[in-house]
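Colleague: A single structure is presented below for examination.
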Amino acid sequence: MTTPRKHRVTEALWGYAFIAPTALGLGLFYLWPVLQTAYFSFTEWGAFGGHTFSGLDNYERLVHDPEMGRALVNTFAYTLLGLLSIPLAIVFAALLNRKMRGVSVYRTFFFLPVVTMPVAVAMVWRWLYNGDYGLINYGLSLVGVDGPNWVADPDTALYALVVIGVWSSVGYNLIIFLAGMQAIPADYYEAAALDGAGAFRQFFRITLPLLSPTAFFVSVVSVIGSLQLFDLVYVISGSGAAARANPAFPRLQTVVQLFYDRAFVTNDRGYGAAIVMALLLIIVVLTAIQFRLQKRWVHYA
Amino acid sequence: MPDKGRRIGLHAVLIVASVLMVTPFVWQIVTSLKTLSSATSVPPTLLPEGHWANYGRVFDLLPFGTQFLNTLITALARTVGQVFLCSMAAYAFARLRFPGRNFLFGLFLSVLMVPPQLFIIPQYEIMSDLGWLNSLPALIVPGLFSAFGVFLLRQFFLGLPVELEEAARIDGANPWRIYWSIVLPLARPGMVALAVLVLLWSWNDLFWPLVVNTDPDKMTLAAGLASLQGQYQTDYPVLMAGSLLASVPVIAVFVFLQRQFIQGIAQTGIKG
Amino acid sequence: MRATRRIATALLGAAALMLSACSSDDGSGSDDQVTLSYAVWDQTQKAAMDQLAADFTKGHPTITVDVQLTPWEGYWTKLKAAATGGDAPDVFWMNGPNFQLYASNGVISPNPEQVDTSVYPEALVDLYTFDGKMYGLPKDMDTVGVWYNKTLFDAKKVPYPKDGWTWADFQDAAAKLTDPAKGVYGTAASLSSFQEYQYNTIAQAGGYVISPDGKSSGYADPKTIAGLKFWTDLIQKKHSPDLKTMTDTIPLQLFEAGKLGMYWGGSWDVLEFTGNDYTKDKVDVAPLPKGEKQATIIHGVANVVGAKGEHKDQAWEFVKYLGSQPAAQILGKTGPIPAYTGTQTDWVGAHPELKLQTFLDAVNYAVPFPVSKNTAAWNEAELSHLTKAWSGEQPIEQAATELATDMNALLAKE
């Protein structure tokens with residue numbers, strides 16, 4: 001009959017009731033599937049369902065699969081080059097971080113690609129990149145350059161992909177950096193100005209160091225996102241057997257695309273599961289490395 | 001005077017960048033109004049031609065209206081459901097005390113660390129067991145739950161003042177009343193931020209819809225558009241018309257809700 | 001693991017019942033009324049299929065047929081998922097590359113009785129025979145021809161292709177039609193449809209893709225390689241766009257934009273080219289040119305019965321009706337070429353401006369579509385290897401030999 005105790009019990013019951021729907025849903029659709037995927041990665045699937053335990057077979061295949069090797073190389077290269085979006089976003093955020101006419105218009109332009117459906121973005125760029133009739137090569141022809149078939153040429157395909165990635169993410173990063181810059185107290189700049197520091201010095205001495213935690217955060221998120229690249233490649237190169245008729249396919253294939261092909265085109269779910277387990281491992285390791293490295297360059301105020 | 005020069009230089013840089021950002025969209029519109037022959041003429045004609053038939057083709061080739069509705073219903077249901085369910089859980093984690101709270105919250109957060117591809121095969125199997133493949137529930141139900149949403153809103157709730165809630169509690173209001181009539185109204189900005197992100201992500205998502213719904217009448221626009229390319233591989237004018245139609249709704253919403261979008265992203269920094 | 005998933009499934013199932021407006025009729029219904037599900041993939045044939053279903057019900061009042069359309073892109077994924085769950089449609093369309101996979105896994109039923117198959121092209125009867133048993137009945141057929149752009153021929157004063165023309169004639173025409181200044185090529189050596197390209201020239205050169213017992217690859221055979229070289233030579237001479245260009249803009253669209261003189265395409269392209277604004281008054285069709293011999297790939301869709309259906313007797317009745325002469329005549333008015341011999345005149349007559357008889361004459365020298373139990377696996381290998389030869393990265397001999405090695409390994413696994 002002690003009221004505090006009864007009160008505590010009721011509060012706990014309310015607490016469970018509040019989290020119950022989400023807990024159930026997350027458990028069923030997210031947590032449990034992770035365990036299942038881990039289990040599936042040790043199984044082999046028949047063409048029409050049913051799976052049998054196959055030990056480490058899938059992982060052994062993974063290590064020897066040349067397509068997985070290429071997918072990893074491409075994914076890493078895309079991820080690394082995609083980080084270019086960060087310095088670009090910082091520069092443009094700095095340019096836009098002032099009271100000036102047109103700022104909101106510029107910001108809107110930068111932001112348009114961010115809200116556009118990636119499938120649509122990829123289609124538009126595939127057309128821009130067309131070797132014979134694309135706008136980009138037309139532009140180049142005006143200055144006497146004979147441009148390549150950007151997304152069908154093994155030498156350029158990956159870079160072409162990076163350009164789309166940067167183009168569509170720079171606006172998003174810019175917004176975060178703008179918010180970060182606006183959180184920097186104005187008196188820092190005033191003090192620096194009194195000491196005679198110009199705009200450039202202020203940017204390098206104040207803005208950049210104070211922005212480094214934001215930059216760290218953005219780089220972690222963008223690495224994780226890039227490692228999961230799928231939509232762009234799915235549209236640019238297709239999937240399944242047909243995609244392999246593109247001579248640049250070996251330079252376009254990514255880990256998640258290979259996962260899609262194996263898990264849902266050839267119905268090799270067990271192997272697909274092994275591919276994403278490898279992806280999980282890669283993400284964990286790369287994120288851990290980034291956290292390690294942050295000590296060297298991130299300044300927490 | 002140097003100040004003015006710098007200002008002009010600044011605008012010049014920004015204008016060049018803006019042109020780079022906008023040109024693809026302009027070219028998309030221009031091409032969508034050409035015939036295939038004129039789109040493949042060298043040198044290209046730079047002005048649109050008023051060949052509206054490409055838009056008609058999109059409607060012939062795809063059940064566009066149905067797919068639009070599917071996408072809208074899915075996006076709305078996921079947004080409303082997720083914001084509601086996440087806010088409930090977030091409120092409990094932020095304000096109520098119960099045994100195992102930290103452990104459960106940690107468990108929720110662990111979902112956030114896992115790349116979503118790890119969920120997909122089992123989720124697909126569940127949908128298949130339920131007979132939900134090729135149905136709207138398949139698109140909606142897994143998206144009602146989100147660890148990210150719980151995390152985001154919990155942070156937001158922690159930043160709200162507790163005085164009103166304390167007063168209501170002393171007056172004998174139960175947690176549901178407090179949550180519903182005091183916390184939710186205060187938390188509107190946080191919920192709008194989440195809603196805007198869920199809406200965007202759900203509209204544009206490709207992988208899951210592509211996998212679960214292969215029936216064109218049950219597809220979302222992203223998957224439908226991808227299938228249009230499957231059939232009409234490089235008929236660019238038709239593809240440009242289709243991609244424009246599919247992406248314009250979200251772009252329009254963005255123009256209206258620009259402030260909320262930007263706040264949402266600035267606050268969270270995490271996509272979807 | 002199983003148990004938990006079952007509980008989870010049960011929980012969700014309960015939710016599903018509440019959510020979904022229960023629309024499933026169990027098929028058996030009352031008064032022995034039976035509804036068959038019939039899965040098809042071609043939008044343009046949907047109306048004809050509905051008409052056939054209605055016509056069948058007239059003769060069999062207790063059986064109705066529900067035609068379910070799933071476009072090609074999703075058809076096999078959906079069918080596979082349904083078959084995995086044990087509820088494949090009662091009757092559905094089957095194609096060559098997938099047939100043995102479905103037959104060997106017991107997803108489709110062999111025919112319960114012997115029927116007269118002499119009314120169908122022999123190659124199609126063979127295609128749908130597995131382990132000595134025939135599964136289903138052929139519905140339609142298609143062969144391949146050379147579609148050509150008369151305007152481009154006229155512009156270069158090249159005579160139109162004639163029956164009995166040879167590889168040399170074709171190469172000659174391709175050379176004359178090529179006009180780099182206008183971005184026009186004689187033809188396109190596509191790598192995206194072996195049925196319309198490589199398989200034909202391989203047969204014409206006297207080579208083969210897969211041995212008759214389905215156990216070994218023919219890609220290392222010098223004659224097979226000659227059939228492939230036919231195409232890579234055209235690319236090298238720039239009478240065909242290179243593979244990069246054909247990736248950016250596929251040959252079909254190049255042809256429809258007036259950039260290709262000749263386009264190898266199936267009989268199904270009639271609909272495409274008569275419907276397209278550019279091609280509708282500019283193209284005609286000729287037989288494939290002769291190499292060492294004359295040859296075209298023949299393929300056709302069959303109607304098959306799902307092995308786990310509840311109404312297999314009725315389903316077989318429906319398949320028999322679909323394979324009959326009256327059904328073929330209905331199909332031939334609107335759809336592809338019916339497989340039933342002697343019912344094809346309507347199809348040919350539908351477009352008198354085109355020499356469609358070409359596709360029927362081709363049946364006489366047609367060779368079957370190469371398949372095995374897991375065709376998809378080596379279809380992927382074909383592309384992975386031949387892409388290297390098409391892009392000029394490897395000589396065709398090397399790419400084909402390596403492909404043969406890979407393909408043999410895959411066949412051994414079947």
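Colleague: Which chymotrypsin sites (Phe, Trp or Tyr not before Pro) from the stretch B:18-95 combine a DSSP loop assignment with at most 15 other Cβ atoms within 10 Å?
Modeller: Answer in residue order: B:52.
Colleague: Please sort by residue number the chymotrypsin sites (Phe, Trp or Tyr not before Pro) in the stretch B:161-232 whose DSSP state is loop and whose Cβ has at most 10 other Cβ atoms within 10 Å.
Modeller: none
Colleague: Follow-up. First obtain the Kirkwood hydrodynamic radius of the stretch B:147-250 from its Cα pairs, then insert it into the Stokes-Einstein equation at 37 °C and 0.692 mPa s, and state the resulting D in µm² per second as a whole number.
Modeller: For the chosen part, D equals 192 µm²/s.
Colleague: Further question: Against the longest principal axis of chain C, how steep is helix C:167-177, in degrees 0 to 90 to the nearest 10, with axes from Cα atoms?
Modeller: Helix C:167-177 sits at roughly 70 degrees to that axis.
Colleague: Summing Lys, Arg as +1 and Asp, Glu as -1, what charge do residues with Cβ under 12 Å from the Cβ of residue C:324 carry, residue C:324 excluded?
Modeller: -1
Colleague: What are the lysines whose alpha-carbon lies under 18 Å from the alpha-carbon of residue B:34, with same-chain residues fewer than 8 places away excluded?
Modeller: C:259
Colleague: Let me know the mean shielding of A:87-96 by other chains, meaning the per-residue number of their Cβ atoms within 10 Å of its Cβ.
Modeller: Taking the mean over all residues of the peptide, I get 1.
Colleague: Taking the 0 to 90 degree range and rounding to the nearest ten, how far is the long axis of helix B:147-158 tilted relative to the main principal axis of chain B, both from C-alpha atoms?
Modeller: That works out to roughly 50 degrees.
Colleague: Suppose R0 equals 25 Å. What FRET efficiency, 1/(1 + (r/R0)^6) with r the Cβ-Cβ distance, do residue A:10 and residue B:186 give to the nearest 0.05?
Modeller: Calculated value: 0.60.
Colleague: When we measure straight from the Cα of residue C:215, which aspartates and glutamates land under 13 angstrom away, once same-chain ones fewer than 8 places off are left out?
Modeller: Residue C:215 reaches C:406, C:414.
Colleague: Could you list the residues of the stretch A:211-242 with an amide nitrogen less than 20 Å from a label point located 7 Å from the Cα of residue A:293 in the Cα-to-C-beta direction?
Modeller: Inside the label zone: A:211-229.
Colleague: First measure r as the distance between the Cβ atoms of residue B:76 and residue B:163, then evaluate 1/(1 + (r/R0)^6) with R0 = 35 Å and state the FRET efficiency to the nearest 0.05.
Modeller: 0.50
Colleague: Given only helices, namely DSSP H runs of n ≥ 4 each adding -39500 (n - 2.57), what is the per-residue ellipticity at 222 nm of chain B, to the nearest 500 deg cm²/dmol?
Modeller: -23000 deg cm²/dmol
Colleague: Which trypsin sites (Lys or Arg not before Pro) in the stretch C:187-255 pass both tests, a DSSP loop state and at most 15 other beta-carbon atoms within 10 Å?
Modeller: C:215, C:237, C:238
Colleague: Enter the angle in degrees (range 0 to 90, nearest 10) between the Cα long axis of helix C:312-322 and the first principal axis of the Cα atoms of chain C, meaning the one along which they spread out most.
Modeller: In chain C, helix C:312-322 runs at an angle near 40 degrees to the longest axis.
Colleague: May I ask for the longest run of chain A untouched by trypsin sites (Lys or Arg not before Pro) that are loop-located per DSSP and have at most 16 neighbouring C-beta atoms (other than their own) within 10 Å?
Modeller: Answer from the scan: A:102-301.
Colleague: Moving on. Which whole number gives the average, over all residues in B:95-102, of C-beta atoms from other chains lying within 10 Å of the residue C-beta?
Modeller: If you average over the peptide's residues, the count of other-chain Cβ atoms is 5.
Colleague: Which one of C:348, C:225, C:67 has its Cα pushed farthest toward the positive end of the charge dipole of chain C, where Lys and Arg give +1 and Asp and Glu give -1 at the Cβ?
Modeller: C:225
Colleague: Sticking with this structure for a sec: Suppose every K and R has +1 on its Cβ and every D and E has -1 on its Cβ; what is the size of the dipole of the stretch B:52-268 about the Cα centre, in Debye to the nearest 20?
Modeller: My answer is approximately 580 debye.
Colleague: Nearest 500 deg cm²/dmol is fine: what mean residue ellipticity at 222 nm does chain A get from its DSSP H runs of n ≥ 4 alone, each adding -39,500 (n - 2.57), divided by its residue count?
Modeller: My calculation for chain A gives -22000 deg cm²/dmol from helical runs alone.
Colleague: Nearest 0.05, what FRET efficiency do residue B:102 and residue C:114 give at R0 = 56 Å with Cβ-Cβ as r?
Modeller: Rounded to the nearest 0.05, the efficiency is 0.20.
Colleague: May I ask for the net charge around residue C:181, where only other residues with Cβ less than 14 Å from the Cβ of residue C:181 are counted and Lys, Arg are +1 while Asp, Glu are -1?
Modeller: Net of charged neighbours comes to +2.
Colleague: Alpha carbon centre of the stretch C:227-261 versus the stretch B:167-215: separation in Å?
Modeller: So the two Cα centres are separated by 53 Å.
Colleague: Which net charge results when you count Lys and Arg as +1 and Asp and Glu as -1 among the other residues whose beta-carbon is under 12 Å from that of residue C:338?
Modeller: Combined, the nearby Lys, Arg, Asp and Glu give -1.
Colleague: Taking the Cα-to-Cβ direction at residue C:44 and at residue B:255 and moving 7 Å from each Cα, how far apart do the two end points lie in nm?
Modeller: Those two pseudo-labels are separated by 3.9 nm.
None of the figures in this text is laboratory data; all of them are computed from the coordinates on show. If you're wondering where the values come from, they're calculated on a predicted model, not measured in any experiment. A quick note on method: Cβ atoms are made from the backbone with ideal geometry, for glycine too, and the neighbour counts reach across all protein chains shown.
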